[in-house]
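The values are calculated or read from the model by the stated rules, or taken from the named source; none is laboratory data. What you are looking at is a predicted structure, and each value in this text was computed from that prediction instead of being measured. When we count neighbours, we look across all protein chains shown, and the Cβ atoms used for this are built from the backbone with ideal geometry, even at glycine. Side chains included, ligands, DNA and RNA excluded: accessible areas come from the protein's heavy atoms. Shrake-Rupley method; radii C 1.70, N 1.55, O 1.52, S 1.80 Å.
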Amino acid sequence: MKVDPSQLKAFLLDSSLANKSQLEKAEKEAQKSGQRLEDILVKSGVAKEEELTKLKAYILGIPFVNLEDEKIAPEILQIIPEPIARKQNIVAFRKNGRNLEVAMLDPDDLQTIEFIRKKANLKILPRLTSAASIKNILRQYQKSLKAEFGEIIGKEASDIMPIVTESAVQSEDLPKEELEKAAQDLPVIKIVDTLVKHAILQKASDIHIEPMEKELIVRYRVDGILHETMTLPKQIAPGVVARIKVLSNLKLDEHRLPQDGRFKIETNEYKISFRVSILPVFDGEKVVMRLLPEGSKGLSLEKLGFWGRDLEIIHRQINKPTGLILVTGPTGCGKTTTLYTLMDILNTPDVNISTVEDPIEYRMPRINQTQVSPKIGLTFASGLRSLLRQDPDIIMVGEIRDNETASLAINASLTGHLVLSTLHTNSAAGSLPRLIDMKAEPFLIASTINCIEAQRLVRCLNPESKEKYRLDKAEMEELSKQINLEKVLEAMKREKIIPKDDKIEDIDFFRPKPTPDCPDGYKDRIGIHEIVEITETLKEMIVKQATSDQIEKQARSEGMITMLEDGFIKAAKGITSLEEVLRATSE
């Protein structure tokens, strides 16, 4: 069942994954280093690992499966014991009657297939998959959070003696020595480690640890929605907070003032940075940890939800050598991710990119990132002023918060730099009056801003379970009050999302259909966007200090698709639901 090298080369050429000179170069390198040809092709960037695996699957006549985002039922997963799954890179993912589908990296491993066949007494159907898919499934060999916590709390939480009396908590006079001891307590370490591990497994973006009067509540934010995950005994609260303070290098005996810190967790499977915020509340100290994956796959604008006209505008504007590009929206709408994606596209060896951020969310190679520190006088404005003396080509300012930063950002774009930044406004058009409110001169705004992008995040429907339906007359009338349905229909036909003769009533929409693996019917998130490209007409309107409504009206007449309309199109594509779009865009 092995793929013959000559056969692989022939198929690589036929499929245009590699040309003759690339193959010859890779062959010489493979002979020289003793590595496999496909490893060299992946390493040199000629072909992606998944493309090669799909090609090998095609040659062998074995189906290829992508399990990177799949969740496998525990009873199926456990058919293959974890040690064998890890050692042989083989996992069970689907059972249909007497047939068991297994995903593997090496289809030639007949010995393991035979072992599983005898052990499970089932017919084994091998499938080829990628290393990333195997890694995702191996992570699922974990006990559920409640099961694991049930064991920890049942066995050990009772052994954790309350380290302070209630009166001591009220007076906030917690002895440092006792807190240090509690932070090193084995059950406390296990509880914090388990909380963190399961947040990573569930792809949570934040962990909230909240003290109540008689208990400690743990909540995870998954796909933008907070879910209560666990209730712990109140007696362990000081120990848990102390442990997190130790990890983040914060003051253990400071309970009256907010504290911010960071720590990092690295394993073979993931590398995640945690941004920690501790705030005194009535019943103790509340901890919020933001999870920031490092070294994760670079996002593309398409994955962020950009398409068609908006995608063309973004690419056109970021390739200009000067000007200001603004990304706007409320907190938590993915502005920073969009900026980092733009910087990733622009990050080539021939440009100098410098940033001033608060905080630095992700580390990026070859980009000079500066952390704002108001305590020592390093603000966005002073940092930006210093950056201009560092010979930058592209500048990223984390946020325009005040008059001084706005003025400096505009002047930087006037003096031959491309400036990327964010602003807290509800719409793209609303950014222009906001800048004027910051005392920026209208004629300078008009001559520097290239484009303004506004966004929100919506949850994606679980592709495996969703219910189809069509809009009735009443729903269409309600929607037409907020959306230009004719314009949206025209855009969908132009992008070939729907056939030319379709009307709104012919379009299929979808609702979430909850499943045991996906209780609310949603999985992951995507952006909905609107972009105002500054044209000559809009420049004249800005100079005359037009209102945001007038600017939006003109931008729409020039072809702008609003966030709500973009969401409607994504709902028509089956990516999300109309309810989710309306939830995200309602102010």
Expressed in nanometres to one decimal, the distance between label points 7 Å along Cα→Cβ at LYS87 and ALA474 is 6.4
Answer in debye to the nearest 20: the dipole magnitude of the chain about its Cα centre, from +1 Lys/Arg and -1 Asp/Glu charges placed on Cβ, is 1520
In the range 354-403, the trypsin sites (Lys or Arg not before Pro) that sit in a DSSP loop and have at most 11 other Cβ atoms within 10 Å of their own Cβ are ARG363, ARG366, ARG389
Among LEU67, ILE225, GLY323, the residue whose Cα sits farthest towards the positive end of the charge dipole of the chain, when +1 is placed on the Cβ of each Lys and Arg and -1 on the Cβ of each Asp and Glu, is LEU67
Per DSSP, the loop-located trypsin sites (Lys or Arg not before Pro) within the range 65-146 having at most 15 other beta carbons within 10 Å are ARG98, LYS143
Among LYS95/LYS118; LYS54/LYS135; LYS496/LYS539, the pairs whose Cα-Cα distance exceeds 21 Å are LYS496/LYS539
Loop-resident GluC sites (Glu not before Pro) in the range 197-274 with no more than 13 other Cβ atoms inside 10 Å, DSSP not H/G/I/E/B, are GLU213, GLU269
Given a Förster distance of 35 Å, the FRET efficiency implied by the Cβ-Cβ spacing of SER15 and GLU558, rounded to the nearest 0.05, works out to 0.25
Rounded to a whole %, the carbon-and-sulfur portion of the accessible area of the chain at a 1.4 Å probe is 49
Given a 1.4 Å probe, the accessible area of the range 442-536 per residue, as a whole number of Å², is 52
Expected vector for the range 25-34, Karplus 3J(HN,Hα) from phi with 6.51, -1.76, 1.60 and θ = phi - 60°, integer Hz, x for Gly and Pro, equals 4, 5, 4, 4, 5, 5, 5, 5, 8, x
Rounded to 0.05, the calculated FRET efficiency for the beta carbons of ASP393 and ASP502 at R₀ = 45 Å is 0.45
Here the percent of antiparallel bridges among DSSP beta bridges lying wholly in the chain, to the nearest 5, is 65
Here FRET efficiency (C-beta to C-beta, LEU485 to ILE225, R₀ 22 Å, nearest 0.05) is 0.15
The range 347-460: Kirkwood hydrodynamic radius (Cα pairs, Å) comes out at 14.9
The Cα radius of gyration of the range 388-439, divided by 2.2 N^0.38 Å with N its residue count, comes to 1.14
One can check that the equivalent ellipsoid of the range 290-366, built from the alpha-carbon gyration tensor with semi-axes equal to the square roots of five times its eigenvalues, has lengths in Å, largest first, of 19, 17, 13
The set of residues whose placed amide H lies less than 5 Å from the amide H of THR355, leaving out same-chain residues fewer than 5 positions away, is ASN368, GLN369, THR370, MET396
Here the tail fraction of P(r) beyond 26 Å, over all Cα-Cα pairs of the range 1-117, rounds in percent to 31
From DSSP H assignment alone, runs of 4+ in the chain each adding -39500 (n - 2.57), the sum over residues rounded to the nearest 500 puts [θ] at 222 nm at -11500 deg cm²/dmol
Place a point 7 Å from the Cα of LEU186 in the direction of its beta carbon; the residues of the range 223-257 whose amide N falls under 15 Å from it are none
Over the range 302-438, with neighbouring protein chains present, the accessible area per residue in Å² at probe 1.4 Å is 41
Treating only Lys and Arg (+1) and Asp and Glu (-1) as charged, each at its beta carbon, one finds that the range 50-140 has a dipole about its Cα centre, in Debye to the nearest 20, of 360
Using eta = 0.890 mPa s and T = 25 °C, Stokes-Einstein with Kirkwood Rh from Cα pairs puts D for the range 288-417, in µm² s⁻¹, at 157
Options (1) 32.6, 107; (2) 24.4, 75; (3) 27.4, 80 for Rg and Dmax of the Cα atoms in Å; the value derived from the coordinates is listed as (3)
In Å, the Kirkwood hydrodynamic radius from C-alpha pairs for the range 443-485 sits at 15.0
A correct Karplus calculation of ³J(HN,Hα) over the range 200-215, with 6.51 cos²θ - 1.76 cosθ + 1.60, θ = phi - 60°, whole Hz and x for Gly and Pro, returns 5, 4, 8, 6, 6, 9, 9, 10, 10, 10, 10, x, 10, 5, 10, 7
Counting only protein heavy atoms and rolling a 1.4 Å probe, one gets per residue an accessible area for the range 1-130 in Å² of 60
Any residue on another chain or 5+ positions along whose placed amide H is under 5 Å from the amide H of LYS523 is listed here as CYS460, LEU461, ASN462
Across 5 Å bins beginning at 0, the whole-percent shares of Cα-Cα pair distances in the range 446-587 come to 2, 9, 17, 19, 18, 14, 9, 6, 4, 2, 1, 0
Here the gain from full extension of ARG309 to GLN235, 0.36 nm per residue of separation minus their alpha-carbon distance, amounts to 21.0 nm
Out of SER480, TYR270, LEU292 - ranked by how far each Cα lies towards the positive end of the dipole of the chain, with unit charges on the beta-carbon of charged residues - the top one is TYR270
